[in-house]
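Engineer: This is the structure I want to talk about, given as structure tokens.
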Amino acid sequence: MTDLATTCCVAGGGPAGMMLGYLLARAGVDVIVLEKHADFLRDFRGDTVHPSTLEVMRELGLLDDFLKRPHQELQRLAAQVGDETIHAADFSRLPLAAKFIALMPQWDFLNFVATQARAHATFRLLMQAEVTDLRQSDGRVRGCVVTTSEGAIEIDADLVVGADGRHSAVRAKAGLVVEDLGAPIDVLWMRISRKPTDPEGLIGNLDTGIVFVMIDRDDYWQCAFVIPKGSIDDIHARGLPAFRDRIRSLVPFLGDRVEELND
């Protein structure tokens, strides 16, 4: 006997899962979105909402309310290469309503979509609910088994969508094989405190063999240090002081704040 039943069950409350849940509910389809965490308050890899996405928000009638949320608008992108600033992109000439990239923490984006989706009676969002297995019979998936804060439940669904990330339990339980296309880079993520006098927005810093991207989080920088694939052992061998020095030489205004990196 199942605990819940729905037309579509979406595993994963990230941008893909939440937007799918909203669109289905908006179309009158009964949908349950499952998010394994208690909230969306985590650092993510991407907080840029691009003009094409903003255009989709406009088409859905959501853009005005969306832009009332705290955000920053980047009309142009530049990269710092040594002492020279390279202007990489200018969105001001796009034939769209929003001619900029909106910088918004992904947790705010997800909370916004969840709020819009909850306005529809056919939408349900279950937090602290993680898909751990699929319910299968007669060669097809008919629902899922979910671990919640109150114990395990079973959900009957005509369609189960796996939007639960790179280590997807849905994909694994369904026996779907990953085609690994590979990637030439790894990325080290870190936090460094931010001062009111620092530049604002998204900053790209480039040097020979180094790409260092900084995302403005108001009181701290979320930083991405891009390295060649498999070179982490070399960085470990050089030691933490050398790693701090590389960042300091690339972004001098950080000064002694690089000492905050202690691991």
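Engineer: Among the residues of the stretch 50-73, how many are at pLDDT below 95 and either part of a helix (DSSP H, G or I) or crowded, with 17+ Cβ neighbours inside 10 Å (or both)?
Structural biologist: Result for the stretch 50-73: 1.
Engineer: Kindly indicate whether GLY82 is at pLDDT below 95, over 16 Å from the mean Cα position of the chain (by Cα), of a type in the set (Gly, Ala, Ser) and farther than 26 Å from LYS173 by Cβ. Give the steps one after another, and end with the answer.
Structural biologist: On the way: at pLDDT below 95: yes; over 16 Å from the mean Cα position of the chain (by Cα): yes; of a type in the set (Gly, Ala, Ser): yes; farther than 26 Å from LYS173 by Cβ: yes.
Considered against the rule, which asks whether it is at pLDDT below 95, over 16 Å from the mean Cα position of the chain (by Cα), of a type in the set (Gly, Ala, Ser) and farther than 26 Å from LYS173 by Cβ, GLY82 comes out as yes.
Engineer: Still on this structure, I have one more. When both residues are 6+ apart or on different chains and their Cβ atoms are under 6 Å apart, which pairs have a first residue that lies in the stretch 29-43 and is in the same structural domain as PRO15 (by TED's automatic domain parsing) and charged (D, E, K, R), and a second that is surrounded by 14 or more Cβ atoms within 10 Å (Cβ to Cβ) and part of a loop (DSSP other than H, G, I, E, B)?
Structural biologist: Close Cβ pairs satisfying both conditions: ASP30/THR122; GLU35/GLY13.
Engineer: Test VAL187 against the criterion of being closer than 25 Å to MET104 by Cβ, buried (at least 16 other Cβ atoms within 10 Å of the Cβ) and modelled with pLDDT of 90 or more, and give yes or no.
Structural biologist: Values: closer than 25 Å to MET104 by Cβ: yes; buried (at least 16 other Cβ atoms within 10 Å of the Cβ): no; modelled with pLDDT of 90 or more: yes.
In short, no.
Engineer: Let me confirm something: among GLY151, GLY162, GLY143, which residue is exposed (fewer than 15 other Cβ atoms within 10 Å of the Cβ), in the same structural domain as GLY13 (by TED's automatic domain parsing) and not hydroxyl-bearing (Ser, Thr, Tyr)? Walk me through it before giving the result.
Structural biologist: Details: GLY162 fails: exposed (fewer than 15 other Cβ atoms within 10 Å of the Cβ); GLY143 fails: exposed (fewer than 15 other Cβ atoms within 10 Å of the Cβ).
Only one candidate passes the filter, namely GLY151.
Engineer: Among the listed residues ILE215, ILE247, identify the single one that is hydrophobic (A, V, I, L, M, F, W, C), under 22 Å from ALA78 (Cα atoms) and not in a strand (DSSP E or B). So that I can check it myself, show each step before the final result.
Structural biologist: On the way: ILE215 fails: not in a strand (DSSP E or B).
Matching residue, one of ILE215, ILE247: ILE247.
Engineer: Residues to consider are LEU54, LEU60; find the one that is within 20 Å of the chain's Cα centre (by Cα) and not polar (S, T, N, Q). Outline the logic, then answer.
Structural biologist: On the way: LEU60 fails: within 20 Å of the chain's Cα centre (by Cα).
Only one candidate passes the filter, namely LEU54.
Engineer: Let me ask something else. Does ALA224 qualify as being in a loop (DSSP other than H, G, I, E, B) and under 24 Å from ALA79 (Cα atoms)? First the steps, then the outcome.
Structural biologist: On the way: in a loop (DSSP other than H, G, I, E, B): no; under 24 Å from ALA79 (Cα atoms): yes.
No; evaluated as a whole, the condition is false for this residue.
Each row is one residue, and each column tells you yes or no for (1) in contact with a strand residue (DSSP E or B) (Cβ under 9 Å, 6 or more places away or on another chain); (2) surrounded by fewer than 13 Cβ atoms within 10 Å (Cβ to Cβ).
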residue: PHE212; (1), (2): yes, no
residue: ALA224; (1), (2): yes, no
residue: ILE227; (1), (2): yes, no
residue: ILE232; (1), (2): yes, yes
residue: ARG248; (1), (2): no, no
residue: LEU254; (1), (2): yes, no
residue: ARG257; (1), (2): yes, no
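Engineer: Could you check the stretch 227-242 and list, in sequence order, the residues that are in a loop (DSSP other than H, G, I, E, B) and without any contact (Cβ under 8 Å) to a residue 24 or more places away in the chain?
Structural biologist: From the stretch 227-242, those in a loop (DSSP other than H, G, I, E, B) are 229-231, 239; that's our starting set.
Result: GLY239, single match.
Engineer: A follow-up question, please. Which residue, of VAL33, VAL29, VAL49, is within 30 Å of ILE155 (Cβ to Cβ), out of contact with any Ser or Thr (no Cβ under 9 Å at 6 or more places or on another chain) and of a type outside the set (Phe, Trp, Tyr)? Walk me through how you get there before you give the answer.
Structural biologist: Working: VAL29 fails: out of contact with any Ser or Thr (no Cβ under 9 Å at 6 or more places or on another chain); VAL49 fails: within 30 Å of ILE155 (Cβ to Cβ).
Answer to the check: VAL33.
Engineer: How many residues does the stretch 11-33 hold that are outside any helix (DSSP H, G or I) and under 17 Å from the mean Cα position of the chain (by Cα)? Can you show your working first?
Structural biologist: Step one: of the stretch 11-33, the residues outside any helix (DSSP H, G or I) are 11-14, 27-33.
Going one step further and asking which of them are under 17 Å from the mean Cα position of the chain (by Cα), we end up with 11-14, 33.
The total comes to 5.
The values are calculated or read from the model by the stated rules, or taken from the named source; none is laboratory data. Quick caveat, the model's predicted, so the values are computed rather than measured. All Cβ positions, even for glycine, are placed from backbone atoms using ideal geometry, and neighbour counts span all protein chains on display.
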